[in-house]
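The values are calculated or read from the model by the stated rules, or taken from the named source; none is laboratory data. Keep in mind that what you see is a predicted model, and the values were worked out from it rather than measured. Glycine also receives a Cβ, built like all others from the backbone with ideal geometry; neighbour counts cover every protein chain displayed.
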There are 2 protein chains.
Amino acid sequence: MINNSVLETEAENKIKEAARKIFHRRGFDGARMQEIADEAQINKAMLHYYFRSKDKLFEAVFKEAAMKLFPVVILIIESDLDVDEKIKKLIHNYIDFIIDNPYVPGFVLHELTQNPERMKHFVASNVLMRPQKFFSQIQEGIDSGKYIPIAPLQLMVTIVASCIFPFVAKPMLHTLFGLDQDDFGEFIEQRKEQMTQFILNGLYKK
Amino acid sequence: MINNSVLETEAENKIKEAARKIFHRRGFDGARMQEIADEAQINKAMLHYYFRSKDKLFEAVFKEAAMKLFPVVILIIESDLDVDEKIKKLIHNYIDFIIDNPYVPGFVLHELTQNPERMKHFVASNVLMRPQKFFSQIQEGIDSGKYIPIAPLQLMVTIVASCIFPFVAKPMLHTLFGLDQDDFGEFIEQRKEQMTQFILNGLYKK
DNA sequence: GAATAGTTTAACCATACGGTTAACAACAAT
DNA sequence: ATTGTTGTTAACCGTATGGTTAAACTATTC
C-alpha cells in the first residue's frame, strides 16, 4: 500500500470540490449527499468512506470557505500601510476575491446564522483578528482633527458591508433595477474605485 | 356557519405566526412542517388544511416579509424630501425596522439567492421601485458640484448595505469582536447617527 | 500467484419527511 | 331529530434521505 496517496487525494479532491459547489449553492440543509456524489461522478458510499458524515464533509467545506474569507481582510488590516492605502487595498482586493468566490460570503453568513456555535470551533485556532493597529490609526486621525468622529468598528463594518452586500443582494439588483449579468459585472468593477473614493471622502473632515 | 371567521382566522393566524418564526429562523429547507405545527400548538394536518402545502405556506410568509422589507425604502426614496433628509430618514427608519424584524433581511436575501425566480412572481405586482426622483436629485447635486461624482445606484446600495449587513453578520461581530447582545444593541443604536453623518460627509465635496 | 490491504459498487436499512385520509366533533340550518 | 358544513385529530402512506454493509475489484507485497 505504497502510493495510493495520489489516487486517494484525487478521489478526495473530487468529492471536496463537488461538495464545495453544492454546499455553496444550496446550503447545508438544501444539499443532498446524492447530488454531491453525482456532481463528483462517484458512488455515494465513497462520500462516507472518505468523510464520515454529511456534517464532517460540510465542516471541511465550511472551514475552507471561512479560512479564505477572513484572511484577505486580516492581512491588510494588520499591515503597515497607512489608512488611505489600507482602505483602498481592502476594497479592491476583497471585491476581487469575491468575484472569484461569489457564493462564499452568503454561504458563510447564512451557515453562521443557522449555527453560530460553529464559529467558535475554529475561529480561535485559525482566525485571529487583531484590528488594534488599524483602529489606533483611525483614532489618531480623529484626534488630530483629520477625520470625522466615527467608531472604528462602524467604519470597518461599513467597508466590509460595501464589498459583500452587492453579491448577497444580486438577485434583488437584477429584478429591482434590471441589472443583467454583464451590467452586474460593470457595476462591481465601477464599485471598486467609487467606493474607495466615497469612503475616504466620508472619513476626511471638510 | 355564522361566524367561525373569528376562530378560522385565529387558527390561520396562529399557523402563520408560527410559520414566520420557524421559516425566518431555519429557512425553507431547514424548516419542518411538524416544527411549525408544534410551535402553533396545532395538529400538523391543519397546516395542510389552511395552506395546501409547504410551498404555499412558505410563499405566504415570504411574501409578507418581502412586502415589509422594501416599502420602508421605497416610500422614503419616492418622497418629496431633499437628499439629506432622505438619507437620514432612510437609515434611521430602516435600522429601526430591522431591529423589530431582525431575521427578515437575512431570510429574504437567502431565499432569493436559492430561488431568484420567486422574486419575479410578486415583485411586478407588489413592489415597484421608482428611484428616478432620488437618482435625479443625486445627479443634480453632482452636476452642481455639491456632491462628489458617484453613481446613484452605488450610493443607494451602500446605504442599504450599511443598514442590513450588521444584522446578517451579527454572529461574526459576536465572535470576532466579542460583542454580546447588549454591545450589539449599543452598536446598532450608535450606528444610526454615525452612518448618517458618515454617508452625508462622503457625499459632499470638500 | 497467493495473501493482504485499500478502494469501489449495488443493494439495503431505518428514519424523517411532506402530505393524505377517514373518522369524528361542533354546530348551524332545516 | 336530521342533515350538512366546517374544523380537528390520529393514524397512515409513499418517498427521499443519510448512512451501512457485504461482496467485488484492484493493486501491492512477499
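Please enumerate the residues belonging to region A:139-163 that are more than 7 Å from chain B (Cβ to nearest Cβ) and not in a loop (DSSP other than H, G, I, E, B).
Those that are more than 7 Å from chain B (Cβ to nearest Cβ) and not in a loop (DSSP other than H, G, I, E, B): A:Gln139, A:Glu140, A:Gly141, A:Ile142, A:Asp143, A:Tyr147, A:Pro152, A:Leu155, A:Met156, A:Ile159, A:Val160, A:Cys163.
Conditions tested, residue by residue: (1) closer than 30 Å to B:Ile199 by Cα; (2) within 11 Å of DNA strand C (Cβ to nearest atom); (3) surrounded by 15 or more Cβ atoms within 10 Å (Cβ to Cβ); (4) in the same structural domain as B:Arg20 (by TED's automatic domain parsing).
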| site | (1), (2), (3), (4) |
| --- | --- |
| B:Gln34 | no, yes, no, yes |
| B:Ala60 | no, no, yes, no |
| B:Val72 | yes, no, yes, no |
| B:Ser79 | yes, no, no, no |
| B:Val83 | yes, no, yes, no |
Could you please give the count of residues in region A:114-166 that are among the hydroxyl-bearing types (Ser, Thr, Tyr) and touching a His at 6+ places or on another chain (Cβ under 9 Å)? 0
Give the residues of region B:128-138 that are of a type in the set (A, V, I, L, M) and either in a loop (DSSP other than H, G, I, E, B) or touching a Lys or Arg at 6+ places or on another chain (Cβ under 8 Å) (or both), sorted by residue number. B:Leu128, B:Met129
Going by the conditions given, is A:Ala65 of a type outside the set (Ser, Thr, Tyr) and not assigned by TED's automatic domain parsing to the domain that holds A:Ile164? no
Condition test on A:Ile148, is it touching a Leu at 6+ places or on another chain (Cβ under 9 Å), crowded, with 20+ Cβ neighbours inside 10 Å and assigned by TED's automatic domain parsing to the domain that holds A:Ile98? no
Determine which single condition A:Val104 fails, assuming it passes every other condition in (1) within 15 Å of DNA strand C (Cβ to nearest atom); (2) under 30 Å from A:Glu189 (Cα atoms); (3) β-branched (Val, Ile, Thr). (1)
Residues B:Gln181, B:Gln197: which one is at the interface with another protein chain (Cβ under 7 Å from one of its Cβ atoms) and of a type outside the set (Ser, Thr, Tyr)? B:Gln197
Considering every residue within region A:89-100, establish whether at least one is within 16 Å of DNA strand C (Cβ to nearest atom) and out of contact with any strand residue (DSSP E or B) (no Cβ under 6 Å at 6 or more places or on another chain). no
For the structure I just gave you, tell me whether A:Met172 is at pLDDT 95 or above and within 8 Å of chain B (Cβ to nearest Cβ). no
Any residue at all in region B:59-66 that is within 14 Å of chain A (Cβ to nearest Cβ), small (Gly, Ala, Ser) and within 16 Å of DNA strand D (Cβ to nearest atom)? no
Is there a residue being assigned to a helix (DSSP H, G or I) and in contact with a Pro (Cβ under 8 Å, 6 or more places away or on another chain) anywhere in region A:36-56? no
Could you check region A:90-128 and list, in sequence order, the residues that are surrounded by 16 or more Cβ atoms within 10 Å (Cβ to Cβ) and farther than 14 Å from A:Phe167 by Cβ? A:Leu90, A:His92, A:Asn93, A:Glu111, A:Leu112, A:Thr113, A:Gln114, A:Arg118, A:Met119, A:Val123, A:Val127
Kindly check whether there is at least one residue in region B:183-195 that is modelled with pLDDT under 95 and not aromatic (Phe, Trp, Tyr). no
